[in-house]
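*Asks:* Questions regarding the structure given below will be posed in turn.
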Amino acid sequence: MNPKDIYIGTSPEEVSKLITNYIIGLAKSLDHSMNIAISGGSTPEMLFQYWLKRPQREFQDLGIRFWWVDERLVPVDSPDSNYGNAKRHFFGPVGYPEDLLFPISFHKDDTPEEAAEKYNELLKKHMESEGRETPFDLVILGVGEDGHTSSLFPGQELYNRQEYYIPSVNPYNGIKRVALSYQGILRAPHVLFHVLGHKKRDILHEVMQRAKEEDFSLPASFVFAKGNDVTLFTDLEV
Ligand code: 6PG
């Protein structure tokens, strides 16, 4: 039954420390360089702030490579850019090697379909060159207040899309997106949910309850119920 493990921290920083210890432990257990797909939004900012305090080369000395769970089709210098924020708030300041970072890149005129296809091509080359069955060792997800995760929103019928990355859109503001699909998430051996703050209490409880009842009407419930080795890190009582 998922989540397999739940780690509750008394503060966002303690949750970040628990997540970081988990990541380092997993990285050291693998017989290859670890590939992490990380989400956007504001919650990962807590991780970036904490990681800035850690030994600067900790992740890069382990050869950890970062990919993105999803991206908004906005310029990298936009505050809405998941990669742009991650680069500004952590990867840039610590001088993370560019060859260990794999942003969802696209041309400003690309459609979400074209951008998703480009990233799928990059993933395919990565898997072929490394003889991997799946691109990521770990997928780090958040949960939106509507129960979305990645850029998979309630009401979108995307459960059966087989491609790793698919086009999406934020239904509330129309911003086009590229998202790691449900099937792409389910192929990862480890899934980590990072959920912080009292505003997320109700939705987190709802998502977990529906997962228990095998009610997949909320995107995060589907992943909580069906993901591999799902671990929840939160500052909330669950
Ligand atoms: C995105 C994220 C998204 C996020 C949730 C939670 O690009 O928006 O990938 O899935 O994880 O919306 O967002 P917050 O961390 O901002 O609450």
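Listed here are the residues, each with its yes/no results for (1) hydrophobic (A, V, I, L, M, F, W, C); (2) within 22 Å of residue 25 (Cβ to Cβ).
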position	(1), (2)
151	no, no
169	yes, no
195	yes, yes
198	no, no
203	yes, no
218	yes, no
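*Asks:* How do the pairs read when you match residues in region 207-232 that are at positive phi with residues anywhere that are assigned to a loop (DSSP other than H, G, I, E, B) and modelled with pLDDT of 95 or more, using Cβ under 9 Å and keeping only pairs 6 or more apart or on different chains?
*Replies:* 229/188; 229/189
*Asks:* I want to confirm something. Restricting to region 105-136 and keeping residues that are hydrophobic (A, V, I, L, M, F, W, C) and closer than 26 Å to residue 231 by Cα, which single residue is surrounded by the most Cβ atoms within 10 Å (Cβ to Cβ)? Quick ask: steps written out before the conclusion?
*Replies:* Let us first name the residues in region 105-136 that are hydrophobic (A, V, I, L, M, F, W, C), namely 106, 115-116, 122-123, 127, 136.
Within this subset, residues satisfying the condition of being closer than 26 Å to residue 231 by Cα are 123, 127, 136.
On the way: 123: 23, 127: 15, 136: 26.
Only one residue tops the list, namely 136.
*Asks:* OK, next. If you take the residues of region 34-43 that are in contact with a strand residue (DSSP E or B) (Cβ under 6 Å, 6 or more places away or on another chain) and closer than 17 Å to residue 100 by Cβ, which of them is farthest from the ligand (Cβ to nearest atom)?
*Replies:* Top of the filtered list is 35.
*Asks:* Go through region 156-202 residue by residue and tally those that are among the aromatic types (Phe, Trp, Tyr) and over 23 Å from residue 76 (Cβ atoms).
*Replies:* Residues flagged as among the aromatic types (Phe, Trp, Tyr) and over 23 Å from residue 76 (Cβ atoms) within region 156-202 amount to 3.
*Asks:* Is it true that residue 139 is in contact with a helix residue (DSSP H, G or I) (Cβ under 8 Å, 6 or more places away or on another chain), part of a loop (DSSP other than H, G, I, E, B) and either surrounded by 14 or more Cβ atoms within 10 Å (Cβ to Cβ) or modelled with pLDDT of 95 or more (or both)? Break it down into steps so the answer makes sense when it comes.
*Replies:* On the way: in contact with a helix residue (DSSP H, G or I) (Cβ under 8 Å, 6 or more places away or on another chain): yes; part of a loop (DSSP other than H, G, I, E, B): no; either surrounded by 14 or more Cβ atoms within 10 Å (Cβ to Cβ) or modelled with pLDDT of 95 or more (or both): yes.
Answer is no for this residue.
*Asks:* If I ask for residues that are farther than 18 Å from residue 193 by Cα and either within 15 Å of the ligand (Cβ to nearest atom) or in contact with a helix residue (DSSP H, G or I) (Cβ under 8 Å, 6 or more places away or on another chain) (or both), which ones from region 57-66 would you list? Break it down into steps so the answer makes sense when it comes.
*Replies:* Of the residues in region 57-66, the ones farther than 18 Å from residue 193 by Cα are 57-65.
Those that are farther than 18 Å from residue 193 by Cα and either within 15 Å of the ligand (Cβ to nearest atom) or in contact with a helix residue (DSSP H, G or I) (Cβ under 8 Å, 6 or more places away or on another chain) (or both): 58, 59, 60, 62, 63, 64, 65.
*Asks:* Let me ask something additional. Among the residues of region 105-134, how many are touching a helix residue (DSSP H, G or I) at 6+ places or on another chain (Cβ under 7 Å) and either part of a helix (DSSP H, G or I) or of a type in the set (A, V, I, L, M) (or both)?
*Replies:* Total satisfying the criteria: 0.
*Asks:* Can we say residue 79 is touching a helix residue (DSSP H, G or I) at 6+ places or on another chain (Cβ under 8 Å) and surrounded by 15 or more Cβ atoms within 10 Å (Cβ to Cβ)? Break it down into steps so the answer makes sense when it comes.
*Replies:* Working: touching a helix residue (DSSP H, G or I) at 6+ places or on another chain (Cβ under 8 Å): yes; surrounded by 15 or more Cβ atoms within 10 Å (Cβ to Cβ): no.
Answer is no for this residue.
*Asks:* Out of 29, 16, 42, 33, which single residue is exposed (fewer than 14 other Cβ atoms within 10 Å of the Cβ), under 22 Å from residue 84 (Cα atoms) and polar (S, T, N, Q)? It would help to see each step written out before you state the result.
*Replies:* Values: 29 fails: under 22 Å from residue 84 (Cα atoms); 16 fails: exposed (fewer than 14 other Cβ atoms within 10 Å of the Cβ); 33 fails: under 22 Å from residue 84 (Cα atoms).
On inspection, the qualifying residue turns out to be 42.
*Asks:* For residues that are over 18 Å from the mean Cα position of the chain (by Cα) and touching a residue at least 12 places away in the same chain (Cβ under 8 Å), scanning just region 146-160, find the one that is nearest to residue 215 (Cα to Cα). Steps first, please.
*Replies:* Residues of region 146-160 that are over 18 Å from the mean Cα position of the chain (by Cα), as a first pass: 155-157, 160.
Adding the requirement that they be touching a residue at least 12 places away in the same chain (Cβ under 8 Å) leaves 155-156, 160.
On the way: 155: 13, 156: 15, 160: 16 Å.
Only one residue tops the list, namely 155.
*Asks:* Please state which one of 202, 229 is at pLDDT 95 or above, away from the ligand (no atom under 16 Å from the Cβ) and under 23 Å from residue 47 (Cα atoms).
*Replies:* Values: 202 fails: away from the ligand (no atom under 16 Å from the Cβ).
Result: 229 is the single residue among 202, 229 that is at pLDDT 95 or above, away from the ligand (no atom under 16 Å from the Cβ) and under 23 Å from residue 47 (Cα atoms).
*Asks:* Could you figure out which of (1) more than 13 Å from the ligand (Cβ to nearest atom); (2) exposed (fewer than 14 other Cβ atoms within 10 Å of the Cβ) isn't true of residue 54?
*Replies:* Residue 54 satisfies all of (1) more than 13 Å from the ligand (Cβ to nearest atom); (2) exposed (fewer than 14 other Cβ atoms within 10 Å of the Cβ) except (2).
*Asks:* Looking at region 118-153, which of its residues are away from the ligand (no atom under 14 Å from the Cβ) and β-branched (Val, Ile, Thr)?
*Replies:* Hit for region 118-153 is 134, nothing else.
*Asks:* Same structure, new question: Just name the residue that is surrounded by the fewest Cβ atoms within 10 Å (Cβ to Cβ) out of those in region 93-104 that are away from the ligand (no atom under 16 Å from the Cβ) and part of a loop (DSSP other than H, G, I, E, B).
*Replies:* Going through region 93-104, the residues away from the ligand (no atom under 16 Å from the Cβ) turn out to be 93-101.
When the remaining residues are screened for being part of a loop (DSSP other than H, G, I, E, B), the result is 93-97.
Working: 93: 13, 94: 17, 95: 10, 96: 21, 97: 12.
Ranking the qualifying residues of region 93-104, first place goes to 95.
The values are calculated or read from the model by the stated rules, or taken from the named source; none is laboratory data. The structure presented is a predicted model; accordingly, all values stated were derived computationally and were not measured. Virtual Cβ from ideal backbone geometry, glycine too; neighbours counted across all protein chains shown.
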